[in-house]
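Reading through the C-alpha cells given below for one structure.
The values are calculated or read from the model by the stated rules, or taken from the named source; none is laboratory data. These numbers come from a predicted model, not from an experiment. Reconstructed Cβ throughout: ideal geometry from the backbone, glycine too, with neighbour counts over all protein chains shown.
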Amino acid sequence: MEKHEKIYVAGGETMIGGAILRALDRQGYTHIVDRPREEPELINWTQVDAFFARKKPEYVFLAAGRSGGIMANQKYPAQLMLDNLLVECHVIRSAYCHGAKKLLFLASSCSYPKFCTQPMKEDALLTGLLEPTNEAYALAKIAGMKLCQAYRQQYGVNFISAIPANAFGPGDDFSPENSHVVAGLIRRMHEAKLSHAEYIEIWGTGAAQREFIFAGDLANACIFVMNEYDDDRPINLGTGMALSIKELAVLIKEVVGYKGELRFDANKADGMPVKLLDSSKLWAMGWRPFHDFKSALKETFRWFLEKENGDG
C-alpha cells in the first residue's frame, strides 16, 4: 500500500478494527476513506454497495462481524452465523464490484478442527470436526475464507485471509454476556475486588490452553501481511505463546489486584482443549510482536478502568 492510497477498515468500531486504524495513522497512511461513525450498516447490502460506489477504496481490511465468548456462542449461534455471513458476502462482493486492489479478511482460530494437531498449521483447515460450542461462528468464518478463494479463482483478484490468535486489548467487549476470556476475567475480578468477594468461579477446568495476541500487535501484523502476503491460502497471525486458562487467570488476578480465591467449575465447557497457531510462515517473512503479555494486560486493564470511570 502506498501511503496516499484509499484504505477502508470494515469494522472500525471493533477492537481489532480500531487498532488497525490507529496503526495506519501511526505508520503514516493518510487516506482512510471512512471512520466508524460514518460506516454503513454492513448487514445491509444496499448501504454497503452504495458506500463502495461512493468511496472506491483501494485496500480493504475486513475486521467486522459479530463475535462473543462461549456463552454468546451457545445462546446466539444463529445470530452469530448469519451476521458474519452477511457482512462477509456484502463487503467481499462490493470490494470486487468496485475495483479494490486488495482485501484482507480476518477469520478466527475457531475455524480449526477441535482435535487439530498442535500447533495448528494452515493446511489443517477442514480436516476434522469443529468445536461444538462455537461451530456456527466458525463455519461463517470458514465461508469467508472460502469466498475470498472463490473470488481469486474466478476473477483473479488479490483477496487474502488471515487467522489471528485470540485477540485482546483496548476496545475489547467487556460485557458479561459477550466478552471473551481476557476481557471477561478482567471485569469479573475488578468487580470482585470492589465487592470484597472471597472467590470467583471460572468456567471449565482451567486446563484449556489458548494463544493470545495484543490488539496493537495484531493490527501491525494485518498491515504487514496486506503489504507482504499474496497467497490464496490463509496465513496464521500469532505470537507463539500459549497459556492455560488457569495461568491466565492468575496473571489477571495480579494485574487487577484481586486477593480472593479462583475456583474452576469443571461442569462448564472448556471449549477446544488447546488452540495454538503455527505462525512460522508469518515469522519467516520477518514479522515479530512488540508487546510482552503482562504489559499488554496492564494496558488493557487501564483502558477498562478509564471506560468504567467515564474518562475514555
Residue set PHE105, PHE52; condition touching a Gly at 6+ places or on another chain (Cβ under 7 Å) and either over 28 Å from ASN227 (Cα atoms) or touching a residue at least 12 places away in the same chain (Cβ under 8 Å) (or both); output residue PHE105
For segment 19-46, which residues satisfy the criterion of being in a helix (DSSP H, G or I) and modelled with pLDDT of 95 or more?
ALA19, ILE20, LEU21, ARG22, ALA23, LEU24, ASP25, ARG26, TRP45, THR46
Test of understanding: among GLY128, GLY99, GLY171, which residue is out of contact with any helix residue (DSSP H, G or I) (no Cβ under 8 Å at 6 or more places or on another chain), more than 21 Å from MET226 (Cα to Cα) and either in a loop (DSSP other than H, G, I, E, B) or among the polar types (S, T, N, Q) (or both)?
GLY128
Conditions first: (1) over 30 Å from ILE252 (Cβ atoms); (2) in contact with a Ser or Thr (Cβ under 7 Å, 6 or more places away or on another chain); (3) not in a strand (DSSP E or B). PHE105 passes all but one, so which condition is the exception?
(3)
Residues of segment 6-23 classified as charged (D, E, K, R) and either out of contact with any Asp or Glu (no Cβ under 9 Å at 6 or more places or on another chain) or under 18 Å from VAL182 (Cα atoms) (or both), total:
1
Using the structure shown, decide if LYS114 is in contact with an Asp or Glu (Cβ under 8 Å, 6 or more places away or on another chain) and surrounded by fewer than 18 Cβ atoms within 10 Å (Cβ to Cβ).
no
Return yes or no: is ALA197 aliphatic (A, V, I, L, M), part of a loop (DSSP other than H, G, I, E, B) and at pLDDT 95 or above?
yes
Just give me the residues in segment 1-18 being closer than 26 Å to ASN166 by Cβ, among the hydrophobic types (A, V, I, L, M, F, W, C) and either part of a helix (DSSP H, G or I) or at pLDDT below 95 (or both), in sequence order.
MET15, ILE16
Would you mention how many residues in segment 260-311 are in contact (Cβ under 8 Å) with a residue 12 or more places away in the chain, touching a Leu at 6+ places or on another chain (Cβ under 9 Å) and loosely packed, with under 15 Cβ neighbours inside 10 Å?
1
SER109 vs. criteria on the phi < 0 side of the Ramachandran plot and modelled with pLDDT under 95:
yes
Do you know which of the residues in segment 10-57 that are acidic (Asp, Glu) and closer than 22 Å to GLY216 by Cα is surrounded by the fewest Cβ atoms within 10 Å (Cβ to Cβ)?
ASP25
Quick one: GLN47 ticks every box in (1) in contact (Cβ under 8 Å) with a residue 24 or more places away in the chain; (2) closer than 26 Å to VAL33 by Cβ bar one, so which box is it?
(1)
Could we say that ALA192 is within 24 Å of ARG26 (Cα to Cα) and either surrounded by 22 or more Cβ atoms within 10 Å (Cβ to Cβ) or at pLDDT 95 or above (or both) here?
no
The residue from ILE163, ILE186, ILE223 that alone is modelled with pLDDT of 95 or more, of a type in the set (A, V, I, L, M, F, W, C) and not in a helix (DSSP H, G or I) is ILE163
Name the single residue that is farthest from ASN134 (Cα to Cα) among those in segment 47-81 being of a type in the set (D, E, K, R) and at pLDDT below 90.
ARG66
